[in-house]
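Undergrad: The following block contains the structure, expressed as structure tokens.
The values are calculated or read from the model by the stated rules, or taken from the named source; none is laboratory data. It should be emphasised that the depicted structure is a prediction, and the values quoted were computed from it without experimental measurement. Glycine also receives a Cβ, built like all others from the backbone with ideal geometry; neighbour counts cover every protein chain displayed.
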Amino acid sequence: MAGPAAVGRFLWDRYSPALGYGDFRHMWLANLFAQAAAWALIVARGWLVYEKTGSSAWVGAVTFAAMVPLVFIPPIAGVLADRMDRRTLLGWTYLINLAHNLALAVLALTGVLTVWHILLLSLVNGVARAAQMPVSQALAANLVPRDKLLNALALNAATMHASRLVGPGLATPLLGLLGAPAAFFLCTVFYGLGWLSIFRIKTQSRGGVKAGESFITNFKGGLSHAWRQPVIRMVIVMVFFHCGLTMAFESLLPVFSAQRLQAGATGFGTLMVGVGAGSLVGSVVVGGVRGSVTRGRLYLVAGVLSGGGLVLLSFMPSTAWAVVATVFMGASQAAFMTLGQAVTQSLAADEYRGRIASLNTLSFGGIMAVMNLANGFLAGHYTAAAIMLAQGFLFVGIVVVSAALATPRRVYVQGLPAEAGA
């Protein structure tokens, strides 16, 4: 029987070999701090707005302000990530978010913070976050050998999902005991630690943009590269529907917690922690998947279960059962997103990685911004549970129908490839 050391070595070799490379490890830690800050901010900001206004529409509007930069910033950031040193560019996004969270904390502590302040600052936060995401994906792919690339990209993507556990898990008790200012200061500390980790990275990397080419030419080159690869094209389209229908729940959970569960801010934060716990499991498991056929079938199953998880949550009558549903939902959503993001970066040539990452970010961020705004207003006319039920069923239908199309069917049967530049 294998001892604990042997089991530990097996798990490390299978699920986290990329963490053995120092530069990637610094990058991974920085991303974990940043994502934890982002999810802690969603909980603190969302509940504060709902507490001040009693309106799900205002929560949707603030969430929209934080997400709408994902519609227009990623193309700019993607081109810059293929022109500039990616580490330096990423460091600037961390500094902007650090300043944003500090301003939010000071204004809240002094009692002068209004909903309009939050709306404006959310826009600043969104611009920096929208730039951070594609640059982070592109940089991560440069920090490990080619044979560790898929694992590195899976681990990097996993931090976005796993941090739903860390951020809300720390922010929720602070929100309940000390109020929103303490939670905002926590976010500031997280970004400071992330910024320090970024500048411990020694690798310098940039894409292969030709000197003298215009921004439009650069971006069109990225679009052309994505369009020529059917699997990348398919994943970006599926991400668009997945994020719009199953992941735009931030503006619904506060009202779902207050009306259905009668649990208030603590219930909202607890649900977010449940999503994070499931996401941690889903992301880590995907990071250890090696066979292309297994990846393809897992992609199909995760898509169906992701919509099903939202349907399941809509029926839950209590906080305890709702947390079970969010764990299930988080695991399937994280598996689906991690596979998609890792594969698009694996298949992209290095000179296009920033632009391919920006298309991926644009696909999920833009639709999530619009749908969070729409869901906030819809929750004023329909129950949050009814909205989640309808959207979950719709995405399951899209996944099932996709199997009739050539590229998705090939992926589900023959597998998701993982060879860079294939």
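Undergrad: Taking G340 and the conditions (1) at pLDDT below 80; (2) out of contact with any Ser or Thr (no Cβ under 9 Å at 6 or more places or on another chain), which numbered condition does it fall short on, given that it satisfies the others?
TA: Going through (1) at pLDDT below 80; (2) out of contact with any Ser or Thr (no Cβ under 9 Å at 6 or more places or on another chain) one by one, G340 breaks only (1).
Undergrad: So E351 fits all but one of (1) surrounded by fewer than 19 Cβ atoms within 10 Å (Cβ to Cβ); (2) at pLDDT 80 or above; what number is the exception?
TA: (2)
Undergrad: Out of G278, G303, G340, G307, which single residue is under 20 Å from I42 (Cα atoms) and not in a loop (DSSP other than H, G, I, E, B)?
TA: Details: G303 fails: under 20 Å from I42 (Cα atoms); G340 fails: under 20 Å from I42 (Cα atoms); G307 fails: under 20 Å from I42 (Cα atoms).
Within the list G278, G303, G340, G307, the selection yields G278.
Undergrad: Are any of the residues in the range 77-93 aromatic (F, W, Y), under 30 Å from S55 (Cα atoms) and either surrounded by fewer than 22 Cβ atoms within 10 Å (Cβ to Cβ) or free of Cβ contacts under 8 Å to residues at least 40 places away in the same chain (or both)? Walk me through how you get there before you give the answer.
TA: Looking only at the range 77-93, we keep the residues that are aromatic (F, W, Y), and these are 92.
Now narrow it down to the ones that are under 30 Å from S55 (Cα atoms): none.
Within the range 77-93, not a single residue is aromatic (F, W, Y), under 30 Å from S55 (Cα atoms) and either surrounded by fewer than 22 Cβ atoms within 10 Å (Cβ to Cβ) or free of Cβ contacts under 8 Å to residues at least 40 places away in the same chain (or both).
Undergrad: Related question: State whether the residues of the range 69-76 include one that is in contact with a Cys (Cβ under 8 Å, 6 or more places away or on another chain) and surrounded by fewer than 24 Cβ atoms within 10 Å (Cβ to Cβ). Lay out the reasoning, then the answer.
TA: Our first condition is that a residue be in contact with a Cys (Cβ under 8 Å, 6 or more places away or on another chain); within the range 69-76, this holds for none.
Checked against the condition, which is being in contact with a Cys (Cβ under 8 Å, 6 or more places away or on another chain) and surrounded by fewer than 24 Cβ atoms within 10 Å (Cβ to Cβ), the range 69-76 yields no hits at all.
Undergrad: Please list, ordered by residue number, the helices (runs of 4 or more DSSP H) wholly in the range 98-209 having 3 or more residues that are among the basic types (K, R), at pLDDT below 90 and surrounded by fewer than 23 Cβ atoms within 10 Å (Cβ to Cβ).
TA: Once the helices (runs of 4 or more DSSP H) in the range 98-209 are filtered for at least 3 residues that are among the basic types (K, R), at pLDDT below 90 and surrounded by fewer than 23 Cβ atoms within 10 Å (Cβ to Cβ), nothing remains.
Undergrad: Quick check: anything in the range 227-248 more than 29 Å from S402 (Cα to Cα), in a helix (DSSP H, G or I), over 16 Å from the mean Cα position of the chain (by Cα) and not basic (K, R)? Quick ask: steps written out before the conclusion?
TA: Filtering the range 227-248 for residues more than 29 Å from S402 (Cα to Cα) gives none.
Checked against the condition, which is being more than 29 Å from S402 (Cα to Cα), in a helix (DSSP H, G or I), over 16 Å from the mean Cα position of the chain (by Cα) and not basic (K, R), the range 227-248 yields no hits at all.
Undergrad: I'd like the full set of residues that are modelled with pLDDT of 90 or more and among the small types (G, A, S), limited to the range 286-313.
TA: A302, G303, S306, G307, G308, G309
Undergrad: Of the residues S332, S318, which single one is touching a helix residue (DSSP H, G or I) at 6+ places or on another chain (Cβ under 6 Å) and not basic (K, R)? So that I can check it myself, show each step before the final result.
TA: Details: S318 fails: touching a helix residue (DSSP H, G or I) at 6+ places or on another chain (Cβ under 6 Å).
Result of the check over S332, S318: S332.
Undergrad: If L416 meets every condition in (1) at pLDDT below 80; (2) surrounded by 24 or more Cβ atoms within 10 Å (Cβ to Cβ); (3) in a helix (DSSP H, G or I) apart from one, which number is that one?
TA: The number of the failed condition is (3).
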